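Before any comments, here is the structure.
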Amino acid sequence: MKLKKVTVHKYKSFEADQSFDVESDITALVGMNESGKTSALEVIAKTNYFQDDEDFKFNLTHDYPRREKKKVEKSGEKPKAVTCTYEISDDLKSEIESEVGKNVFKTSEFSITYRYNSTQRTFGNILADKKKFIEFKTKELGIASNTTTEKLLKVTTAAEFDEVAASFKDEGYVEGFKKLKKYFQFKWSFTNPIEEYITRVFLDARIPKFLYYDEYYSLPSRISIQKLEQNQLEDSEYKTAKALFELSDINTKELIESEDFEDFIAELEATEAIISDELFNYWTTNSNLNITFRIDKRIETDQHNNKRIAEHILDIRVKGKNVSLPLRNRSKGFNWFFSFLVWFKKIQEDADNQYILLLDEPGLNLHASAQADLLRFLEDLSNNYQILYSTHSPFMIQPGKLNRVRTILETDSGSIISDSIQEKDPKTLFPLQAALGYDIAQNLFVSNKNLLVEGVSDLIILTTISGILESNNRKYLNPDITIVPTGGLEKVATFISLLRGSQLEIACLLDSYTDAAGQAKMDKMIREKIIHKNKIRFFDEFVDGLDKADLEDLFTKSDYLKLFNAAFNEHTDIKETDLNASIKQIIIQINQHLGVPRFNHYLPANELVKLAVNESFFEHDTLNRFEKVFEEINKLFE
């Protein structure tokens, strides 16, 4: 059974219904701090947490949006928190069909809605043909007749079923009705008993359990076994420490009463060996580490009654080449990875249930390369487990799999969830843009010819227009040239320095410099012959009448305004007559008209792709300018 869709109704920062689809393998929730990512994972976890835990039960006081809480409390209603939609596997459908008959059960997906302060769940989209079931099952039990079918179709309670059964005196019918009774229990609030039976017997037991994990569940370096036994540790430490002992099959009460700890240490080390095998499969940062366990018995004197008290301490240390340190003193990233595997191994041993993993900001304290290792780990886990994780790190986003991303944005109306391609907030989009930029940078070395441009919007526009020109048999950018966005004019010089000595061909196609420092940096690199002056071209060279120009000035003003107006629905459509004609550059004209220092250049570029336009969309001057640009750039790499 797979989780297919989640609709958060009312939960903490979610004040209005927010729905998002869940991928069959990995779904990434991306957003800024305090946007609602953790809340989205929590509300899912509370629907069917893998163990009994008060922290993972719906609580109207703590979980309901604050601005509406008083009103709901006074009304006495039990509002909806979340609805989860599940997909039924083909194997389960076959199992159901073999018992209730072919074409009786007509559902491939169903939903469950959970409410506050109530154990009652509401199942939706459960569809079963009661008449077909009765005909199938009564025939199977040898009690089929038109009378039987008519009477059973009218049954709405368990008592009514008993009355129907009592009306048949034939011994065969009596036995048949005894076997049929289990399908007419009416234990839950279903009007159709067959839908209830299928839900209660087949679906409810197969609903996946959720394992929620964040950095607060990290193992402590020293564990008081007495306090663990008496549940006196901090909640997060208690849960993970308890999981370690359970995983090691150690009875803490027996350990406390024992004088010899070797057998217990052996069990812990055996468990550690299993965990480490998996850990170092993915932890490539340092493979020369191992976990060591030591159990100490400490005797103290109680000052009040002068009694001697024994306390047993489990000391967990990480040993490297030259030093042994407490677990907490190693990197937070290593501690996260090891502690998560302790939690994960606990559920991995449960073969009777299906689990979905909810990871809040995994790898937050990991270096970029270690986050890549973590992604590789999650990819392998997703072969057997659905995974939802939250992040704001670009290194936890796979550029080739942006279909997995759901963005979360905090607004005045509460948190909003959307697909990544629908999000327009630049701060929320930043990790996705950074991930794309990093991916492009990582793949620079597959191309010998690299054209450095200012940003991602330049890459999108140049690539799209080149494709349009190519489809019309006009000059376009040679396909062996890789366009590389640098993230700003001021960073172009840095990129050139990074690529120096790598035997790559480099050219630049840039907006006119307005920043003296950036211009000075570039001039210095030309003087020092790091890049030849002839390898740097500016957009103003291709636009008559402008001594300074941006890429956007290659469009006629009419063409660019069509893209801008399509991209920004919140603005009234801008006309050429609205702009200050004394200013030449279109970007500055629009900024002045809107009264902003800078609008998001990415959105019109993205709109160009979404509109899927052809040559008829543009005026001749626009395409002629771009064609001239590509012709000149191609010559730079000849």
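The values are calculated or read from the model by the stated rules, or taken from the named source; none is laboratory data. Values in this document were obtained by computation on a predicted structure and should not be read as measured data. Heads up, the Cβs are rebuilt from the backbone with ideal geometry, glycines too, and the neighbour counts pull from every protein chain shown.
Some observations on this one:
- Taking (1) more than 29 Å from Asn281 (Cβ to Cβ); (2) at pLDDT below 75; (3) more than 19 Å from the chain's Cα centre (by Cα) in turn, Ala441 satisfies each apart from (1).
- The listed residue being at pLDDT below 90 and hydroxyl-bearing (Ser, Thr, Tyr), out of Thr38, Thr47, Thr27, Thr61: Thr61
- Top-ranked residue of segment 379-397 - restricted to ones that are crowded, with 20+ Cβ neighbours inside 10 Å and of a type in the set (S, T, N, Q), ranked as modelled with the highest pLDDT: Gln386
Okay, residues lined up against (1) aliphatic (A, V, I, L, M); (2) outside any helix (DSSP H, G or I); (3) out of contact with any Ser or Thr (no Cβ under 9 Å at 6 or more places or on another chain):
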residue	(1), (2), (3)
Asp352	no, yes, yes
Leu358	yes, yes, no
Leu366	yes, yes, no
Leu375	yes, no, yes
Glu379	no, no, yes
Asn383	no, yes, yes
Ile408	yes, yes, no
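- Members of segment 310-327 found to be of a type outside the set (A, V, I, L, M, F, W, C) and either part of a strand (DSSP E or B) or modelled with pLDDT of 75 or more (or both), listed by number: Glu311, His312, Asp315, Arg317, Lys319, Ser324, Pro326
- When residues in segment 159-184 are screened for being assigned to a loop (DSSP other than H, G, I, E, B) and modelled with pLDDT under 90, 4 of them pass.
Quick grid of which residues meet (1) touching a helix residue (DSSP H, G or I) at 6+ places or on another chain (Cβ under 9 Å); (2) over 26 Å from Glu541 (Cα atoms); (3) free of Cβ contacts under 8 Å to residues at least 12 places away in the same chain; (4) not aromatic (Phe, Trp, Tyr):
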{"position": "Glu552", "(1), (2), (3), (4)": "yes, no, no, yes"}
{"position": "Ser558", "(1), (2), (3), (4)": "yes, no, no, yes"}
{"position": "Lys562", "(1), (2), (3), (4)": "yes, no, no, yes"}
{"position": "Asn569", "(1), (2), (3), (4)": "no, yes, yes, yes"}
{"position": "Ile574", "(1), (2), (3), (4)": "yes, yes, no, yes"}
{"position": "Ala581", "(1), (2), (3), (4)": "yes, no, yes, yes"}
{"position": "Ile588", "(1), (2), (3), (4)": "no, no, yes, yes"}
{"position": "Asn591", "(1), (2), (3), (4)": "no, no, yes, yes"}
{"position": "Asn606", "(1), (2), (3), (4)": "yes, no, no, yes"}
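- Tabulated pairs, segment 451-476, first without any contact (Cβ under 8 Å) to a residue 40 or more places away in the chain, second assigned to a helix (DSSP H, G or I), C-beta under 8 angstrom, 6+ apart or interchain: Leu459/Ile440
- Checked against (1) within 39 Å of the chain's Cα centre (by Cα); (2) surrounded by fewer than 18 Cβ atoms within 10 Å (Cβ to Cβ), Asn624 meets all criteria but (1).
- Given (1) in a helix (DSSP H, G or I); (2) at pLDDT 75 or above, index of the condition Leu279 fails: (2)
- From Asn569, Asn591, residue being modelled with pLDDT of 90 or more, polar (S, T, N, Q) and out of contact with any His (no Cβ under 6 Å at 6 or more places or on another chain): Asn591
One line per residue, one yes/no per condition, for (1) part of a helix (DSSP H, G or I); (2) modelled with pLDDT of 75 or more; (3) among the charged types (D, E, K, R):
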| residue | (1), (2), (3) |
| --- | --- |
| Phe190 | no, yes, no |
| Glu196 | yes, yes, yes |
| Val201 | yes, yes, no |
| Ile223 | no, yes, no |
| Lys227 | yes, yes, yes |
| Leu233 | no, no, no |
| Tyr238 | yes, no, no |
